[in-house]
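The values are calculated or read from the model by the stated rules, or taken from the named source; none is laboratory data. Note that the coordinates shown come from a computational prediction; the quantities given were computed from them, not determined experimentally. A quick note on method: Cβ atoms are made from the backbone with ideal geometry, for glycine too, and the neighbour counts reach across all protein chains shown. Accessible surface is based on the protein model in full, side chains and every heavy atom, while ligands, DNA and RNA are left aside. Shrake-Rupley method; radii C 1.70, N 1.55, O 1.52, S 1.80 Å.
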Amino acid sequence: MGRSRRRKLPQDPVVTGIDTLSHDGRGVAHIDGKAVFIQGALPGESVSFRYTGVQKKFDEGEAIEIITASPDRVVPQCPHFGLCGGCSLQHQSTNAQILSKQTALMDAFQRIGKVIPAAILPPLVSSDTFGYRRKARLGVKYVAKKGKVLVGFRERGSPYVADLSECHILHPRVGQLITPLSELIGSLSIRERVPQIEVAMGDTRCVLVFRILEPLSSADEQALLAFGRERDIAVYTQTGGPETVIPLNGEPVDLQYALPAYDLNIHFLPNDFTQVNSALNRLMIERALELLAMEPEDRVLDLFCGLGNFTLPIARGVAEVVGVEGDAGLVARARENARHNGIENSRYYTANLYDSLQKEPWLREHFDKALLDPPRSGAAEVLEHLPRLGVKRIVYVSCYPGTLARDAGELVNRHGYRLVSAGVMDMFPHTAHVESIALFEKP
């Protein structure tokens, strides 16, 4: 069999109208019945674009001229927008971004789950649409041809690190340090052996974890420590797995964030999972607890509980809450956080929620309500247990509408719950990422 021929790209620019926005923030046009995903275009616009890819079922392109602009088009704040892959929607107004995300969520419910919420919740948004990101993984690459080290997110649609001088979505304590970080790493003896930097911020402290593939020299260590002192940043290094993340000066930093509405302070390690947007996180917790409609006698199950971000606030208003999480380290921190905050009505278990759970002791208990906050892969494996546990009310927090819609279909069509309400939460402004929340009730 001969090799398939590579499809040739049309060379001439094409003018077309944009119908909708794709899940990754590209404008969608239809030419001769075939979908074309066009970078830099917005719904309602007329654009001239060039083809960048031709596939069997769809094509791809990039806008080269906006002939008729959408009223939702705005001037991007960041000079690197379009090159950097950290954002995809800075050219769209924040209100329009929210509407696009809400449309994506409702489309997923109907198309994937075959369900429709009885009510749409008002979107959750914070006033901090820039400088909000407190957790991030930045790529690092020494480029000999440029004579410098690049630090930042990857280029849009590329594995290469973007050539940035600043970042507007990172918290300013880090976003304004892109160039100084580039110069710092460029001065190290192992500048070609530092592939990434992890950013971890609490309410007051900031940690940068430098991944290093070779030992630092004494001069390297002094340069990193001086950089940290000058900018009030704790420097950590990582030589292998998560267990090798250690402070360079030997003094661990107490990272924590406050939840004032519940009189809580939650402590975490630099490599622990935490929400990237602290202002939105507070709003999200408030919304989740409101939907749970907690009563003093309730027993609540919190699945994928992590550090206790929801578990601990829930504990303030119910008889007991049980948290379950697959990461033993996070479970240990959840227990510690409960102790630090004087909470005695919470229990925690380590369990792989994607595996068989038949021997888990908490599955032999009764719960009135449940909160689910799974990763992108969703919570399909645990859904069948919820009705058996007596759960009448479920709040599902999701970071991916596709798996939420799939699981909603299971809860409604197979397990007899009703999708009462759902809505989006703008955890990642200026990106196409859709965070959402849904309420299910058993009639």
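Determine, yes or no, whether residue 69 is surrounded by fewer than 16 Cβ atoms within 10 Å (Cβ to Cβ), touching a residue at least 24 places away in the same chain (Cβ under 8 Å) and over 29 Å from residue 170 (Cβ atoms). Here the answer is no, as residue 69 does not meet what is asked. In the range 298-369, counting only strands (runs of 3 or more DSSP E) that sit wholly within it, the ones holding 1 or more residues that are among the small types (Gly, Ala, Ser) and open to solvent by 10 Å² or more (accessible area, probe 1.4 Å) span 346-350.
With respect to the conditions (1) under 28 Å from the mean Cα position of the chain (by Cα); (2) assigned to a strand (DSSP E or B), residue 30 lacks only one, and its number is (1).
Can you name every residue in the range 114-130 that is surrounded by 14 or more Cβ atoms within 10 Å (Cβ to Cβ) and in a loop (DSSP other than H, G, I, E, B)? Write out each step before concluding.
Narrowing the range 114-130 to residues surrounded by 14 or more Cβ atoms within 10 Å (Cβ to Cβ): 115, 117, 120-121, 123-126, 128-130.
The answer is 115, 117, 121, 123, 125, 126, 128, 129, 130.
Note on the range 133-173: residues that are modelled with pLDDT of 95 or more and among the polar types (S, T, N, Q) amount to 1. The residues of the range 125-141 that are touching a residue at least 60 places away in the same chain (Cβ under 8 Å), closer than 21 Å to residue 163 by Cβ and of a type in the set (D, E, K, R), listed by number, are 133, 137. Take the conditions (1) assigned to a helix (DSSP H, G or I); (2) under 23 Å from the mean Cα position of the chain (by Cα); residue 377 misses just one of them, which is (1).
Checked against the criterion of being among the charged types (D, E, K, R), surrounded by 15 or more Cβ atoms within 10 Å (Cβ to Cβ), under 30 Å from residue 438 (Cβ atoms) and touching a strand residue (DSSP E or B) at 6+ places or on another chain (Cβ under 7 Å), the candidates 173, 154, 133 yield just one match: 133.
One residue stands out in the range 202-226 among those that are under 28 Å from residue 278 (Cα atoms) and open to solvent by 10 Å² or more (accessible area, probe 1.4 Å): the one that is farthest from the chain's Cα centre (by Cα), namely 225.
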